[in-house]
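Asks: The structure's right below; bear with me while I get my questions together.
The values are calculated or read from the model by the stated rules, or taken from the named source; none is laboratory data. Note that the coordinates shown come from a computational prediction; the quantities given were computed from them, not determined experimentally. As a convention, Cβ positions derive from the backbone with ideal geometry for all residues, glycine included, and neighbour counts pool all protein chains shown.
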Amino acid sequence: MTSERAWDWVDGIAHRLIHRAARRAPDSLSDRLEEEWLADLASQRGSIQRLRFALGCCWATNVIAHEHALAALPVAGSTAGQGHFIHAHRDDSPFFTGRTITFVLVALLHAALLYGLAMGLGPQIRKIIVGPLTTRIIEPPPRSTSLSVPRATMSSSRIILPPQDRIPPIEPDPPDMIKGAVGEPVQPKFPPPLANVVNRVQGGPGIGFPSTDDFYPDASIRLEEKGLVTVQVCVDGRGRLTSEPTIVQSTGSSRLEEGALRLAKAGSGHYRATTEDGRPVDSCYPFRIRFDLRNR
Amino acid sequence: MSKRDRDVRMSLQTLKVLEAFLENPTDELSGADVLQRCRLASGTLYPILLRLESAGWFVSRWESIDPSSAGRPRRRFYRLTPTGLRRASEVFAGFGRGVLA
């Protein structure tokens, strides 16, 4: 239905309302009111205004009929329109108050909504408002293929074992030390060295140990999570894990802790065993893993 | 003052209608003209016009055209009677003296 036809339809309703209102008026006034109202209807601008005028005429009919019924003398129609005895005992309360217009608008809105729901327009409107659901796949950033290439900043990303008073200075880290992990002083949570050990060198991640980047959880990268995770591992003389690694301390998220445990497990066989007087022995020790996006 | 005069209730809307006619008492106004001047609803205006006409304040007549040749209905014109003019003037003068306030 075009808008022009819609307005014609509204005008048709206005005319029918006036015909209906005039028929309900007292017989002596019916023809006069119909012709007068139709003439004045044509003077109204806009279909909405004409519809409003016609609705007002319906209300006017009620008032006129009421006053006519209260008249003491019958109405005597004349071409001059004189001789009517209509007494005013009724308030001239306007029919189209703001409240009435609001009520009509709300009623029309409800009717439109019910019509739309009945015609199945709800899902279409929802599609227009919400829009089609799209899945966006976020590609992870490309990873470095080199597992153990040291960088110039590796001085701040190495694993340093906890200081021990009786242990000589730690040897320089091999060039294939995992990157992204920074050693910081760890509180001594391992048993103190035995008294009869003359020279004990604590083990740690050795040659071929996996890179931290390979175990940096993707979700943590997207969320820009970073932190330190201290992992306790028990390693035999050949650098293999003898038990499940455990988290000793963590400043990061649970995702980073999970990544640290996977890294620790993947490094089995690549740990440097603790040596006592140069002989590798089974031992447990903690080491820290730093997850830092700056190293990526 | 006749009984019919006393029966005309001076509501705010009635005063607006009278004021529109008093601007130029000799003018004839249709209902559409009064609607435009007074900004009243049609449901309010026409009972007032009929009421004032019944009370003898207004007279009305049909527009002098042939509806069939003009292609539209005739309009109804209203005009103040001498009695209506006097009474309406008294009403507004009374407002000025605070009598009907």
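Asks: Please identify the pairs in which a residue from the range B:78-89 that is within 9 Å of B:Leu18 (Cβ to Cβ) and touching a residue at least 24 places away in the same chain (Cβ under 8 Å) has its Cβ atom under 8 Å from the Cβ atom of a residue that is surrounded by 16 or more Cβ atoms within 10 Å (Cβ to Cβ) and of a type outside the set (A, V, I, L, M, F, W, C), counting only partners at least 6 apart or on another chain.
Replies: Taking only residues 6 or more apart or on different chains, the pairs are B:Gly84/B:Gly56.
Asks: Looking only at residues that are within 11 Å of the chain's Cα centre (by Cα) and at the interface with chain A (Cβ under 7 Å from one of its Cβ atoms) in the range B:59-77, which one is surrounded by the most Cβ atoms within 10 Å (Cβ to Cβ)? Steps first, answer last, please.
Replies: Filtering the range B:59-77 down to residues within 11 Å of the chain's Cα centre (by Cα) leaves B:59-60, B:77.
Filter again for at the interface with chain A (Cβ under 7 Å from one of its Cβ atoms), leaving B:59-60.
On the way: B:Val59: 17, B:Ser60: 23.
Filtering first and then ranking leaves B:Ser60.
Asks: A further question follows. Any residue at all in the range A:259-272 that is within 20 Å of A:Asn199 (Cβ to Cβ), surrounded by fewer than 22 Cβ atoms within 10 Å (Cβ to Cβ) and in contact (Cβ under 8 Å) with a residue 12 or more places away in the chain?
Replies: Keep residues of the range A:259-272 that are within 20 Å of A:Asn199 (Cβ to Cβ), which gives A:271-272.
Remaining after also requiring surrounded by fewer than 22 Cβ atoms within 10 Å (Cβ to Cβ): A:272.
Among the residues that remain, those that are also in contact (Cβ under 8 Å) with a residue 12 or more places away in the chain are: A:272.
Yes; the residues of the range A:259-272 include at least one that is within 20 Å of A:Asn199 (Cβ to Cβ), surrounded by fewer than 22 Cβ atoms within 10 Å (Cβ to Cβ) and in contact (Cβ under 8 Å) with a residue 12 or more places away in the chain.
Asks: Another question, then. Suppose we filter B:Gly56, B:Gly31, B:Gly43 for residues that are farther than 22 Å from A:Cys57 by Cβ, surrounded by 15 or more Cβ atoms within 10 Å (Cβ to Cβ) and facing another protein chain (nearest Cβ under 9 Å); which single one remains?
Replies: Working: B:Gly31 fails: farther than 22 Å from A:Cys57 by Cβ; B:Gly43 fails: farther than 22 Å from A:Cys57 by Cβ.
Being farther than 22 Å from A:Cys57 by Cβ, surrounded by 15 or more Cβ atoms within 10 Å (Cβ to Cβ) and facing another protein chain (nearest Cβ under 9 Å) holds for just one of B:Gly56, B:Gly31, B:Gly43, which is B:Gly56.
Asks: Test B:Gly71 against the stated conditions and say whether it is on the phi > 0 side of the Ramachandran plot and of a type outside the set (D, E, K, R). First the steps, then the outcome.
Replies: Details: on the phi > 0 side of the Ramachandran plot: yes; of a type outside the set (D, E, K, R): yes.
Judged against the criteria, B:Gly71 is a match.
Asks: Surrounded by 19 or more Cβ atoms within 10 Å (Cβ to Cβ), under 13 Å from the mean Cα position of the chain (by Cα) and within 26 Å of A:Gln49 (Cβ to Cβ): does that describe B:Leu80? Explain how you work it out, then say what you get.
Replies: On the way: surrounded by 19 or more Cβ atoms within 10 Å (Cβ to Cβ): yes; under 13 Å from the mean Cα position of the chain (by Cα): yes; within 26 Å of A:Gln49 (Cβ to Cβ): no.
No, not satisfied.
Asks: May I pose another question? Any idea which of (1) surrounded by 15 or more Cβ atoms within 10 Å (Cβ to Cβ); (2) in the same structural domain as A:Arg16 (by TED's automatic domain parsing); (3) modelled with pLDDT under 65 is the one A:Ala80 doesn't satisfy?
Replies: Unmet for A:Ala80, out of (1) surrounded by 15 or more Cβ atoms within 10 Å (Cβ to Cβ); (2) in the same structural domain as A:Arg16 (by TED's automatic domain parsing); (3) modelled with pLDDT under 65: (1).
Asks: Based on this model, can you work out whether B:Leu35 counts as farther than 15 Å from B:Arg79 by Cβ, in a helix (DSSP H, G or I) and modelled with pLDDT under 95?
Replies: On the way: farther than 15 Å from B:Arg79 by Cβ: yes; in a helix (DSSP H, G or I): yes; modelled with pLDDT under 95: yes.
When the stated conditions are applied, B:Leu35 passes them.
Asks: Would you be able to say whether some residue in the range B:54-71 is out of contact with any helix residue (DSSP H, G or I) (no Cβ under 9 Å at 6 or more places or on another chain), of a type in the set (Asp, Glu), closer than 29 Å to A:Gln49 by Cβ and not in a helix (DSSP H, G or I)? Break it down into steps so the answer makes sense when it comes.
Replies: Pass one, the range B:54-71, residues out of contact with any helix residue (DSSP H, G or I) (no Cβ under 9 Å at 6 or more places or on another chain): B:61, B:64-66, B:68-71.
Those left that are additionally of a type in the set (Asp, Glu): B:66.
Narrowing the set further to residues that are closer than 29 Å to A:Gln49 by Cβ leaves B:66.
Add one more test, that the residue is not in a helix (DSSP H, G or I), and what stays is B:66.
The answer is yes, given that some residue of the range B:54-71 is out of contact with any helix residue (DSSP H, G or I) (no Cβ under 9 Å at 6 or more places or on another chain), of a type in the set (Asp, Glu), closer than 29 Å to A:Gln49 by Cβ and not in a helix (DSSP H, G or I).
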